[in-house]
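Everything on this sheet refers to the single structure shown next.
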Amino acid sequence: MKTDNVEYTTFSGWADPPADVLPALAGDLTCEVVVVGGGLGGMSTALRLAERGQDVVLLEAEFCGHGASSRNAGQLAGAPGGDLQLLNLLFRKKMPGMIRLAEHAAHHVEDLIKAHDIDCDYEQTGNVFAAVSRGQMGRVRRVAKILQRAGGHVEVGTSEELGIPRGFLGGMREVVGGIMNPGRFTLGVRRALLRSSARVFERTKVTDVRRDRGRVVLTTPQGEVRANKVVLATNAYAGEWDITPPRLSVPIWVIEVETQPIDPARLAALGWTSRSGLVTQHNIMENYRLTPRNTIVFGVRRLERGTTYPLPQKEPDPALVEELAEALATRFPALSDVAIDRAWGGWIAIASSWLPLAGQIDDNIFYSIACNGHGLAQAPYVGSLIADLIADGKRHEDLQELWMKKPEFPRPMMMGPLGLRAIWTVDRFNDLVNGSRCNARRGSVPVA
Ligand SMILES: Cc1cc2nc3c(=O)[nH]c(=O)nc-3n(C[C@H](O)[C@H](O)[C@H](O)COP(=O)(O)OP(=O)(O)OC[C@H]3O[C@@H](n4cnc5c(N)ncnc54)[C@H](O)[C@@H]3O)c2cc1C
């Protein structure tokens, strides 16, 4: 597989940055609610608050959609993220609520697409937990039982039954959700926000958040905002201020790559008739999905921990792009001559519990963060529930599920460079034992 002509970008392969980036805040202002961060989480909070008649301001460091929201794989999940067997072991009682929340979140996004007429190539295909080995198929069956017992809508089958490529043994389809162009979706939400009564300032990085006589004061390079309430929706970037609870989440860098356009007849020969997005059952997943431009977007396989703030704007490491290309050639041997055209990456926030987090710091600072790589559906849904809480003073039962009573978080396990490398090594060992062509040589490439 060729990787010598890859276009590397520090933004996204799905869409260009907006041409109409708004001016920075210049001067001081007051408002009822200020939202910090213009990803899907922050934009949905501000949009909903504006729809509910609230006086709301949104401050975004770059432009709305600059973060993970425009960069992800576009797989709208109908199930929670993380290792579901482990979550079931640790939080068994919470599982029905988390699964209900995940399915409601996917439906919420489908409604948002319809309500704002967003052209983002959404296909209601579901997504498949795909097995590359008998061991992974066993895991899929156990996870399916957990989800079904807790009320989730999933179906297990062979690759033929699920309409997924024959390089996979079979899997479990989350019936709810599908695939989309997340760049166009996020820019569509941005357009809806700019049409609303919310006051939006882009190129406006909040550098400090402090309390002053019952109000919250936010400092930006050219002005201050005083508000009665603040919503922090800065996701992976949340650890920059003293006010943020320690260990709230860990910033992790992940990448996606895209092939060149592939002859439709060759794609048809794969047997991928359902067009469902795929995630393998490795400890660190590989994801694969088709696009309307007859390409395959795929990624992750390695997690890289961010250690210093501000988080850097990065291009993917060519060694990882090459490793992903080898993985694609293994899963889809018939496409081993296809070249990689594009590569990009982004920062996600991982919580120590692997559950999405929302809560309050004292009475007037709200946070919604760390959808653990599942925020395409969950960040906008949780954002809109926080807006409803601010408007009505009542917590929806889905928000109640993830609400943190106290902003206290344990130290995350296995999230240091050594831990992440160990997890990657276990995955490669299992690939090797299961006859994978993804060779162990790659073990010598350091986790960057
Ligand atoms: C490569 C990749 C693949 C992924 N694949 C999937 C997937 O297939 N399905 C899925 O469900 N999820 C996926 N995710 C995760 C998903 O994209 C995120 O969970 C979701 O977008 C989080 O949204 P957000 O609004 O919380 O954060 P973001 O979109 O990251 O937005 C945070 C915003 O805050 C702004 N900001 C930060 N600091 C400040 C500050 N001090 N002042 C002002 N603004 C600030 C940033 O500029 C940014 O725009 C993926 C993520 C990545 C990176």
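The values are calculated or read from the model by the stated rules, or taken from the named source; none is laboratory data. The model shown is predicted, which means the values in this text are computed figures rather than measured ones. Methodologically, a virtual Cβ is constructed for each residue, glycine included, from the backbone with ideal geometry; neighbour enumeration extends over all protein chains shown. These area figures cover heavy atoms from the full protein model, side chains too; ligands, DNA and RNA do not enter into them. Shrake-Rupley method; radii C 1.70, N 1.55, O 1.52, S 1.80 Å.
Which of the residues that make up the stretch 224-243 are of a type in the set (Val, Ile, Thr) and either surrounded by fewer than 22 Cβ atoms within 10 Å (Cβ to Cβ) or near the ligand (Cβ under 8 Å from one of its atoms) (or both)?
At the first step, the residues of the stretch 224-243 found to be of a type in the set (Val, Ile, Thr) are 225, 230-231, 234, 243.
Of everything in the stretch 224-243, those that are of a type in the set (Val, Ile, Thr) and either surrounded by fewer than 22 Cβ atoms within 10 Å (Cβ to Cβ) or near the ligand (Cβ under 8 Å from one of its atoms) (or both) turn out to be THR234, ILE243.
Residue under question is LEU218, and the condition is that it be outside any loop (DSSP other than H, G, I, E, B), under 26 Å from the mean Cα position of the chain (by Cα) and at pLDDT 95 or above; does it hold? So LEU218 does not fit the description; no. May I ask you to verify whether GLN148 is open to solvent by 20 Å² or more (accessible area, probe 1.4 Å), polar (S, T, N, Q) and away from the ligand (no atom under 13 Å from the Cβ)? When the stated conditions are applied, GLN148 passes them. Would you point out which residue out of GLY346, GLY373, GLY359 is in contact with a Pro (Cβ under 7 Å, 6 or more places away or on another chain) and either closer than 23 Å to ALA79 by Cβ or open to solvent by less than 30 Å² (accessible area, probe 1.4 Å) (or both)? Exactly one residue qualifies, and that residue is GLY359.
Within the stretch 179-194, can one find any residue that is in a loop (DSSP other than H, G, I, E, B) and open to solvent by 20 Å² or more (accessible area, probe 1.4 Å)? Within the stretch 179-194, none of the residues are in a loop (DSSP other than H, G, I, E, B) and open to solvent by 20 Å² or more (accessible area, probe 1.4 Å). Consider the stretch 387-397 and keep the residues that are touching a residue at least 60 places away in the same chain (Cβ under 8 Å) and farther than 21 Å from GLY188 by Cα. The one that is surrounded by the fewest Cβ atoms within 10 Å (Cβ to Cβ) is GLU397.
For the stretch 341-369, residues that are at positive phi and either within 8 Å of the ligand (Cβ to nearest atom) or in contact with a helix residue (DSSP H, G or I) (Cβ under 7 Å, 6 or more places away or on another chain) (or both) total 1. On inspection, GLY171 does not qualify as modelled with pLDDT of 95 or more, part of a strand (DSSP E or B) and either within 14 Å of the ligand (Cβ to nearest atom) or surrounded by fewer than 21 Cβ atoms within 10 Å (Cβ to Cβ) (or both).
Within the stretch 11-45, the set of residues being within 11 Å of the ligand (Cβ to nearest atom) and closer than 19 Å to GLY359 by Cα comprises VAL34, VAL35, VAL36, GLY37, GLY38, GLY39, LEU40, GLY41, GLY42, MET43, SER44, THR45. Apart from one condition, THR204 fits all of (1) open to solvent by less than 20 Å² (accessible area, probe 1.4 Å); (2) touching a residue at least 60 places away in the same chain (Cβ under 8 Å); (3) assigned to a strand (DSSP E or B); the exception is (3).
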